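The values are calculated or read from the model by the stated rules, or taken from the named source; none is laboratory data. Predicted, not measured: the structure shown is a model, and the values here were computed from it. FYI the Cβ positions are ideal-geometry reconstructions off the backbone, even for glycines, and counts take in every protein chain you see.
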């Protein structure tokens, strides 16, 4: 079966839906294809803990969060900045607010009301949605190939936007299989790697028993950066918001040397000298566990952590030094399927400023498929929305 469409959008995550909205708002007939039975599954998962759409940092600071991709993403985000994204959500009836950390959320704090309103808007614009259509590449005549429950379907499109996501949480739709398809077309695709991910540590049985326990606020140093935040001890190692923010540097260090050191200040609000003085107070009949809890101010999980490298030294000053600078050896990165996002993807040198693939006229790419990464905090979704909007508008201009 062969179908002819004006603009095909492949992928129904935030980048794909925004590309569809931009193209349809320009008066084009848009059809979205997705291999899953319902749209935006990963987007819905991201909203379970509160949908962090973007951040209200000053734009120069905001853009630094994209690292090496900053120069390419800057004009796209400038064309659709955080304020515009917030206004867009407001127009959908999903009023936003700024949290104490500067992160911006819908007042509903959920993704599902926003997605329902968004799909209604797309429907009113005439956008059609084809589900259970798995992208297979192109045939010899340049037509899009899809695998469907009814068999193969060919689609001839005036323009196409690929927004197939990365390779994290593949059960929600993005498995990274497109990377081999694009490499087969001669395009440069950087290997997909976990980002905003957890790390493995060879815990003792005692620490494994603390799997799921939160740790913080602490100050973490590793991968060339230091920050204060919270994390979680897991059976396999460590993860959580502060770890995710450091994950790029830690991952790269592990790839270079087979491991990486993470230093934790378990009592960031107390100086080394003050902590040593507290620990030097007469113990009486107290156990060391009680001393760590009462004088050291450590919860049980932190007290177990300071014993992980070996028995505590007898000198209170040395005990304080370990609490203030506990070094853990990270032995590996947790699997990409468990990461929040992915690094790698189609290299920017293979696309134009408006995200069209240089070697294939009329093919545009948006979202996590491009070679960029960013920490959590609203930066991921902001770039997905902005690149989707840019690619959809450019596709509309191309067919126009």
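Kindly evaluate residue 254 against the criterion of being touching a strand residue (DSSP E or B) at 6+ places or on another chain (Cβ under 7 Å) and under 19 Å from residue 309 (Cβ atoms).
No: the conditions fail for residue 254.
List, please: which pairs have Cβ atoms under 6 Å, are six or more places apart or on different chains, and start with a residue in the stretch 21-42 that is on the phi > 0 side of the Ramachandran plot and end with one that is in a loop (DSSP other than H, G, I, E, B) and at pLDDT 95 or above?
40/12; 40/13
For the structure I just gave you, tell me whether residue 71 is within 23 Å of residue 344 (Cβ to Cβ) and over 17 Å from the mean Cα position of the chain (by Cα). Before the answer, list the steps.
Details: within 23 Å of residue 344 (Cβ to Cβ): yes; over 17 Å from the mean Cα position of the chain (by Cα): yes.
Spelling it out, residue 71 is indeed within 23 Å of residue 344 (Cβ to Cβ) and over 17 Å from the mean Cα position of the chain (by Cα).
Out of all the residues in the stretch 15-25, is one or more at pLDDT 95 or above and farther than 17 Å from residue 393 by Cβ? So that I can check it myself, show each step before the final result.
Looking only at the stretch 15-25, we keep the residues that are at pLDDT 95 or above, and these are 15-25.
If we keep only those that are farther than 17 Å from residue 393 by Cβ too, we end up with none.
No, that holds for no residue.
Among the residues of the stretch 100-122 satisfying the criterion of being loosely packed, with under 15 Cβ neighbours inside 10 Å and free of Cβ contacts under 8 Å to residues at least 24 places away in the same chain, which is nearest to residue 87 (Cα to Cα)?
Filtering the stretch 100-122 for residues that are loosely packed, with under 15 Cβ neighbours inside 10 Å and free of Cβ contacts under 8 Å to residues at least 24 places away in the same chain, the one nearest to residue 87 (Cα to Cα) comes out as 107.
Is it the case that residue 376 is in the same structural domain as residue 186 (by TED's automatic domain parsing) and modelled with pLDDT under 95?
Values: in the same structural domain as residue 186 (by TED's automatic domain parsing): yes; modelled with pLDDT under 95: yes.
Considered against the rule, which asks whether it is in the same structural domain as residue 186 (by TED's automatic domain parsing) and modelled with pLDDT under 95, residue 376 comes out as yes.
Considering only the stretch 151-198, state which residues are touching a strand residue (DSSP E or B) at 6+ places or on another chain (Cβ under 7 Å), part of a loop (DSSP other than H, G, I, E, B) and crowded, with 21+ Cβ neighbours inside 10 Å.
163, 164, 166, 167, 168, 176, 196, 197, 198
Does residue 37 qualify as being more than 19 Å from the chain's Cα centre (by Cα), under 18 Å from residue 378 (Cα atoms) and either surrounded by fewer than 18 Cβ atoms within 10 Å (Cβ to Cβ) or assigned by TED's automatic domain parsing to the domain that holds residue 171 (or both)?
Values: more than 19 Å from the chain's Cα centre (by Cα): yes; under 18 Å from residue 378 (Cα atoms): no; either surrounded by fewer than 18 Cβ atoms within 10 Å (Cβ to Cβ) or assigned by TED's automatic domain parsing to the domain that holds residue 171 (or both): yes.
Against the criterion (more than 19 Å from the chain's Cα centre (by Cα), under 18 Å from residue 378 (Cα atoms) and either surrounded by fewer than 18 Cβ atoms within 10 Å (Cβ to Cβ) or assigned by TED's automatic domain parsing to the domain that holds residue 171 (or both)), residue 37 does not qualify.
I need the full set of residues from the stretch 300-309 which are more than 16 Å from residue 261 (Cβ to Cβ) and surrounded by fewer than 16 Cβ atoms within 10 Å (Cβ to Cβ), in order please.
300
Considering only the stretch 43-67, how many residues are in contact (Cβ under 8 Å) with a residue 12 or more places away in the chain and outside any loop (DSSP other than H, G, I, E, B)? First the steps, then the outcome.
At the first step, the residues of the stretch 43-67 found to be in contact (Cβ under 8 Å) with a residue 12 or more places away in the chain are 43-48, 50-57, 59, 62-63, 65-67.
Within this subset, residues satisfying the condition of being outside any loop (DSSP other than H, G, I, E, B) are 43-46, 54-55, 59, 62-63, 67.
Result for the stretch 43-67: 10.
Can you tell me which residue within the stretch 80-97, out of those that are loosely packed, with under 14 Cβ neighbours inside 10 Å and either part of a helix (DSSP H, G or I) or in contact (Cβ under 8 Å) with a residue 40 or more places away in the chain (or both), is nearest to the chain's Cα centre (by Cα)?
The qualifying residue nearest to the chain's Cα centre (by Cα) is 83.
From (1) touching a strand residue (DSSP E or B) at 6+ places or on another chain (Cβ under 7 Å); (2) crowded, with 20+ Cβ neighbours inside 10 Å, pick out the condition that doesn't hold for residue 323.
Of everything listed in (1) touching a strand residue (DSSP E or B) at 6+ places or on another chain (Cβ under 7 Å); (2) crowded, with 20+ Cβ neighbours inside 10 Å, residue 323 misses just condition (1).
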